Structures are given as C-alpha cells and as structure tokens.
1. Take the range 79-123 and flag every residue that is under 15 Å from the mean Cα position of the chain (by Cα) and among the aromatic types (F, W, Y).
2. Report the residue count in the range 39-92 for those that are of a type outside the set (D, E, K, R), out of contact with any strand residue (DSSP E or B) (no Cβ under 6 Å at 6 or more places or on another chain), in contact (Cβ under 8 Å) with a residue 12 or more places away in the chain and within 16 Å of the ligand (Cβ to nearest atom).
3. Could you list, in sequence order, the residues of the range 21-34 that are surrounded by fewer than 13 Cβ atoms within 10 Å (Cβ to Cβ) and modelled with pLDDT under 95?
4. Out of K18, K4, report the one residue that is more than 8 Å from the ligand (Cβ to nearest atom) and at pLDDT below 95.
5. Given V3, V97, which one is over 23 Å from V122 (Cα atoms) and aliphatic (A, V, I, L, M)?
6. Could we say that M37 is on the phi < 0 side of the Ramachandran plot and not assigned by TED's automatic domain parsing to the domain that holds D6 here?
7. When you go through P39, P69 one by one, which is the residue that is surrounded by fewer than 14 Cβ atoms within 10 Å (Cβ to Cβ) and touching a Lys or Arg at 6+ places or on another chain (Cβ under 9 Å)?
Amino acid sequence: MAVKRDDDFFWEGVDEGKLLVQSCSDCGKLRHPPRPMCPHCQSVASESVQLSGKGTVYSWLISKHPTQPDAEPRTVVLLDTDEGTRLVGNMLAGETVTVGDCVQFAVGEFHGMRLPMFTTKVA
Ligand SMILES: [Zn+2]
C-alpha cells in the first residue's frame, strides 16, 4: 500500500480543478500548507475543504530564474483567500497584479504538470 503524504489531497484537487485546503476536524480552522498537527488545538485529525478559489493579493514579486526550465519570468503572489487562509501561487503566464487585486484560482500547465495558479479574470 502506498504511503499517503500530508499534501496528496491538495495535488489530487488540482488535478480535478479544485482548490482544497486542510481543515482541522476538531476546531475547524484552516491551515496551509498541510501539516500533521493543528497549531491551534494540537489535534491530528483533519479533512480537506474546497475553497471558492477567490482571494486578494497581499503581496507579489516577479521571479527571474537564470536557468531552464524556469527561465521565463513569472508573477508570484501571496494572497488571502476569501475563506481567510493565506496561499502562495503563480499567476497564469503573462498576467501581472498589484496589491489588493482580486484573483481567482485556475489550473495552469508547466512542462506537462498541472499546477495551481491564479488569474485576474475573476468569475
Ligand atoms: Zn484544531
């Protein structure tokens, strides 16, 4: 039997086009990135919940990596989701943002991998 990692549900959600985060089964607080124990009540029981995918840009930067396969500059955002947890993600290729912009979860592709990304095209 394969060992499940704490973040497997997150990547399975991305494959299905969903933004899932970990929620404590005892106190209900959201936590991201996923981890084994709740920092609020020390419970080790958790479940995943689907977020709306909407959030607000808290900060951003342009990442410029000098080598392949990540040589194209991209916008990385730190955002607060509408549900109240903070995430880091990339904007879809070519999209830029500023602090306070509303963004929406989107699945992007990078060298054949499905990755969690964000877009300013909010539904
Ligand atoms: Zn808890």
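1. Those that are under 15 Å from the mean Cα position of the chain (by Cα) and among the aromatic types (F, W, Y): F105, F118.
2. Number of matching residues: 4.
3. P33
4. None of the other options fit; the residue is K4.
5. Being over 23 Å from V122 (Cα atoms) and aliphatic (A, V, I, L, M) holds for just one of V3, V97, which is V3.
6. No: the conditions fail for M37.
7. Of P39, P69, the one residue that is surrounded by fewer than 14 Cβ atoms within 10 Å (Cβ to Cβ) and touching a Lys or Arg at 6+ places or on another chain (Cβ under 9 Å) is P39.
This table checks each residue for (1) under 19 Å from K121 (Cβ atoms); (2) in contact with an Asp or Glu (Cβ under 9 Å, 6 or more places away or on another chain).
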position: P33; (1), (2): no, yes
position: P39; (1), (2): no, no
position: E72; (1), (2): no, no
position: M91; (1), (2): yes, no
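The values are calculated or read from the model by the stated rules, or taken from the named source; none is laboratory data. The structure presented is a predicted model; accordingly, all values stated were derived computationally and were not measured. Heads up, the Cβs are rebuilt from the backbone with ideal geometry, glycines too, and the neighbour counts pull from every protein chain shown.
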